[in-house]
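Working notes for the structure below.
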Amino acid sequence: MDLWMHFQTSPLVWIIVTILAFMFASWVNKLAGRTPMLHPVVVGLLLIIGVLKLTDTSYDTYKEGAQFISFLLGPAVVALAVPLYDNLARVRAMLIPLLVACIAGALVAALTAIAVGIWLDLSMQTLLSLAPKSVTTPIAIGIADKIGGYPSLTAGLVLITGALGCLMSPYVCKLLRVNDPAVRGFSLGVAAHAMGTAYAFEYGAIAGAFGGLAMGMTGTFTAFMLPPLISLLGLG
């Protein structure tokens, strides 16, 4: 028991657990035909939660150990600029439609979430936690904290939104006959943030590049737009 307590506080243990969980989740996803229902992020998250429960390890202990992987999130996001730079000419040509799509997508995502929450008679703080659900987790948590929501609830809602976005995207694109990888990638980035961007790379580097662009644009716009919108709606 004392030996496990020693290993439990070692950062290396939780780095290894996180990597192995993601590798196993990716393998399961590959066996399942890359279905978004078994997205590696979702499966990996459930596996890690299971390990923490079985070992009676607190989230704070795990977070402290796996913080080095979290640190790599920044460079990973910056690395998305590489395929984007390779398609810079196309981005410039589509700049106005991309801006319109980003603004419309961010507004619709926030307003529909608030409207459904009001219809379901949810509490004010739950409504404020719902509003930023369609942007990447670090930005969504910051927005929720600023407008008075529950950051932890928002983090969970972001995950659900990403999974549902990846699940529904192929059917929506097929229904609307959207075959352009840039459009597919951008729509995934707007609707499903980081998970959508990762899934967009299934369609190729162009889709992934536009997914990363959409994720950054939507997150930035939402961070500036949502607090005054909440005040305008009388929810703040």
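Projecting the Cα atoms of V17, L130, L84 onto the charge dipole of the chain, computed from C-beta unit charges around the Cα centre, puts L84 farthest toward the positive end.
Computed over the stretch 81-232, the quotient of the alpha carbon radius of gyration and 2.2 N^0.38 Å is 1.02.
Between the residues G142, A93, G65, the greatest Cα displacement towards the positive end of the dipole of the chain, with unit charges on the Cβ of Lys, Arg, Asp and Glu, is found for A93.
Net charge dipole, the chain: roughly 680 debye, given to the nearest 20, about the Cα centre with Cβ charges of +1 for Lys and Arg and -1 for Asp and Glu.
Remark: the stretch 194-208, residue by residue, has Karplus-estimated 3J(HN,Hα) of 5, 5, x, 5, 4, 5, 4, 5, 5, 8, x, 5, 5, 4, x Hz, where x stands for each Gly or Pro and the curve is 6.51 cos²θ - 1.76 cosθ + 1.60 at θ = phi - 60°.
Rounded to the nearest 500, what is the 222 nm mean residue ellipticity of the chain from helices alone, with -39500 (n - 2.57) per DSSP H run of 4+ residues and division by all residues?
Using -39500 (n - 2.57) per qualifying helix, the result is -26000 deg cm²/dmol.
Taking a straight line from the alpha carbon of K146, these lysines sit under 20 Å away, with near neighbours fewer than eight places off in the same chain left out: K133. Counting neighbouring Cβ atoms within 10 Å and putting the fewest first, the residues S187, S26 line up as S26, S187.
For the stretch 2-71, the C-alpha radius of gyration divided by 2.2 N^0.38 Å, with N the number of residues, is 1.18. Springs join every pair of Cα atoms under 10 Å in this Gaussian network model of the chain, and among D145, D56, D86 the largest mean-square fluctuation is at D56.
Each value in this text was obtained by applying a stated rule to the coordinates, not by laboratory testing. Note that this is a predicted model, so its numbers are computed, not measured. Glycine gets a Cβ as well: all are built from the backbone with ideal geometry, and neighbour counts include every protein chain shown.
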